[in-house]
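The values are calculated or read from the model by the stated rules, or taken from the named source; none is laboratory data. It should be emphasised that the depicted structure is a prediction, and the values quoted were computed from it without experimental measurement. Note: ideal-geometry Cβ built from the backbone for every residue, glycine included; neighbour counts use all protein chains shown.
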């Protein structure tokens, strides 16, 4: 197994850190013995992709593979030690993994410094631009994040499913007032890797569409906008599309109170009182805690004078 070889590589780093010469020689010998063994195959954990970065652009040397394994385990100091073995031969991609370490440690400015080193030495492909976009979004630098994400989406060698790029592109565009474009990216995320979250956020974007079509810009709180303007401006098509998305989210996970709350509101808007009551009760049963959404739901049901509220 590949993990067997990587285990010896980790042991090598341990002996090196504590200057144990005999242990270093033994570990190096085991690495040399088994690294080319035909039985040294990959497994699920080593092949599984992280969302924020990818191992696929990295060299397949022992210490790069070790750094990737340790990064997946979030053992950051050991990742840096493994990469110290590779920096002379693979300077640019070493900085790429170091930027991923900084991203997880929420040191976004420092991560961007490593990304700039990667771009200078290696270039700017879909993987590098993706990680740059994630860091810029975390720093609320939306316009720059958008540029990086669009560079990813225009890259000829990117995978079809760049899940986190689709989701974060939607976030950026929604924050910039482009709800319709945001919805397209979230639907791509639903197409390739549907989750309760992607369907839920797509449903929210359909509800936002009415506000933007009527010149009401989403600033901070969709809930208060819905309470103030929703009854007048929500079109039936947007409500039906939102319902479809929330229903898909509910199929994936029927314990999410926020989804039940939105389904209750949408059903009430569509004059389906019985369905709205069932969804309302499920939202309460599943302990809806979001104050804004709870206020929005109770406001809707209060307006309709429903006896069960």
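Could you check how many residues of region 71-82 are in a helix (DSSP H, G or I) and touching a residue at least 24 places away in the same chain (Cβ under 8 Å)? Give the steps one after another, and end with the answer.
Filtering region 71-82 for residues in a helix (DSSP H, G or I) gives 71-72, 76-82.
When the remaining residues are screened for being touching a residue at least 24 places away in the same chain (Cβ under 8 Å), the result is 71-72, 76, 78, 81-82.
So the answer is 6.
Criterion first (within 20 Å of residue 280 (Cβ to Cβ), within 27 Å of the chain's Cα centre (by Cα) and at pLDDT below 90) does residue 212 satisfy it?
Details: within 20 Å of residue 280 (Cβ to Cβ): no; within 27 Å of the chain's Cα centre (by Cα): yes; at pLDDT below 90: yes.
For residue 212, the condition - within 20 Å of residue 280 (Cβ to Cβ), within 27 Å of the chain's Cα centre (by Cα) and at pLDDT below 90 - is not met.
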(request) Collect the residues in region 227-256 that are touching a helix residue (DSSP H, G or I) at 6+ places or on another chain (Cβ under 7 Å), closer than 17 Å to residue 179 by Cβ, at pLDDT below 60 and not in a loop (DSSP other than H, G, I, E, B), keeping them in residue-number order. (result) 229, 233
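Considering only residues that are assigned to a helix (DSSP H, G or I) and out of contact with any helix residue (DSSP H, G or I) (no Cβ under 7 Å at 6 or more places or on another chain), look in region 257-287 and name the one that is surrounded by the fewest Cβ atoms within 10 Å (Cβ to Cβ). Steps first, please.
Narrowing region 257-287 to residues assigned to a helix (DSSP H, G or I): 257-269, 273-285.
With out of contact with any helix residue (DSSP H, G or I) (no Cβ under 7 Å at 6 or more places or on another chain) added as a condition, the list becomes 273-274, 277-278, 281, 284-285.
Numbers: 273: 15, 274: 8, 277: 18, 278: 15, 281: 13, 284: 16, 285: 11.
By that ranking, first place goes to 274.
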(request) Can you give me the number of residues within region 45-70 that are within 23 Å of residue 32 (Cα to Cα) and without any contact (Cβ under 8 Å) to a residue 40 or more places away in the chain? (result) 9
